[in-house]
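Report on the structure given below.
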Amino acid sequence: MEGFHSYFRLAFKQLFELSDGSFEKRGMSVRDFMSVCEDFHEHLGFHHGIEERHIFPVLAKRMPQFAVEHQEEHDTIHEGMDRLQALIAKYRSDPSTYSPAEFRQNLASWGPTLFYHLNEEVESLKPDVLRRYWTLEEVKRLPM
């Protein structure tokens, strides 16, 4: 899990850094940058979808943090991702409307929740925490 989460932290930081328009210094157009953003959006959405459909429901049976806190964090993150998707579509359709301030405002609105969530989810899955709720044999059968 930490490997996926490290990727998301790094990719989000990169998007935020490049969103000031410095993507152009790397030879990217607005549309190119939006493709990078779309890739991040799709990967994070896919990851969350797997967690929400296959992992959280099983863990939530015994671990309340997966029934409430982590799901609420996902909800906040998804709201930000939905707004991000709208911006990506807007800037792809008319690159001249690209606004570094608007784009960064979106990322800043849900980025702290994303980073908090990624860290807390890893903490919730540490062996000493899992032992409180599951036996070793049960952990081996968890869908992770």
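Some observations on this one:
- Every residue from segment 93-129 that is β-branched (V, I, T) and in contact with an Asp or Glu (Cβ under 8 Å, 6 or more places away or on another chain): T113, V122, V129
- Every residue from segment 89-127 that is in a helix (DSSP H, G or I), of a type in the set (D, E, K, R) and out of contact with any Leu (no Cβ under 9 Å at 6 or more places or on another chain): K90, R92, R104, E120, E121, E123
- The set of residues in segment 133-142 that are charged (D, E, K, R) and either surrounded by 10 or more Cβ atoms within 10 Å (Cβ to Cβ) or in contact with a Lys or Arg (Cβ under 6 Å, 6 or more places away or on another chain) (or both) comprises E138, R141.
- Leading residue by the ranking (modelled with the highest pLDDT) among those in segment 44-71 that are farther than 18 Å from L130 by Cα and aliphatic (A, V, I, L, M): L44
- Put simply, of D39, D20 the only residue that is modelled with pLDDT of 95 or more and not in a helix (DSSP H, G or I) is D20.
- The selection criterion, being free of Cβ contacts under 8 Å to residues at least 24 places away in the same chain, buried (at least 16 other Cβ atoms within 10 Å of the Cβ) and assigned to a helix (DSSP H, G or I), holds for L130.
- Checked across segment 23-34, the condition of being free of Cβ contacts under 8 Å to residues at least 60 places away in the same chain and polar (S, T, N, Q) holds for no residue.
- A residue that is over 17 Å from G111 (Cα atoms) and of a type in the set (A, V, I, L, M) can be found somewhere in segment 75-94.
- Candidate set: segment 103-127, residues that are charged (D, E, K, R) and surrounded by 14 or more Cβ atoms within 10 Å (Cβ to Cβ); chosen: the one modelled with the highest pLDDT: R104
- Selection within segment 1-17: residues that are touching an Asp or Glu at 6+ places or on another chain (Cβ under 9 Å) and surrounded by 15 or more Cβ atoms within 10 Å (Cβ to Cβ). The member of this set that is modelled with the highest pLDDT is A11.
- Complete set of residues in segment 81-102 that are of a type outside the set (A, V, I, L, M, F, W, C) and surrounded by 19 or more Cβ atoms within 10 Å (Cβ to Cβ): Y91, Y98
- Verdict on H74 being under 30 Å from Y133 (Cα atoms) and either under 12 Å from the mean Cα position of the chain (by Cα) or in a helix (DSSP H, G or I) (or both): yes
- Selection over segment 87-144 of residues that are hydroxyl-bearing (S, T, Y), closer than 30 Å to L18 by Cα and under 23 Å from the mean Cα position of the chain (by Cα) gives a count of 6.
The values are calculated or read from the model by the stated rules, or taken from the named source; none is laboratory data. On a predicted model such as this, the values are computed, not experimentally measured, just so you know. Cβ sites come from the backbone with ideal geometry, for glycine too, and all protein chains shown count toward neighbours.
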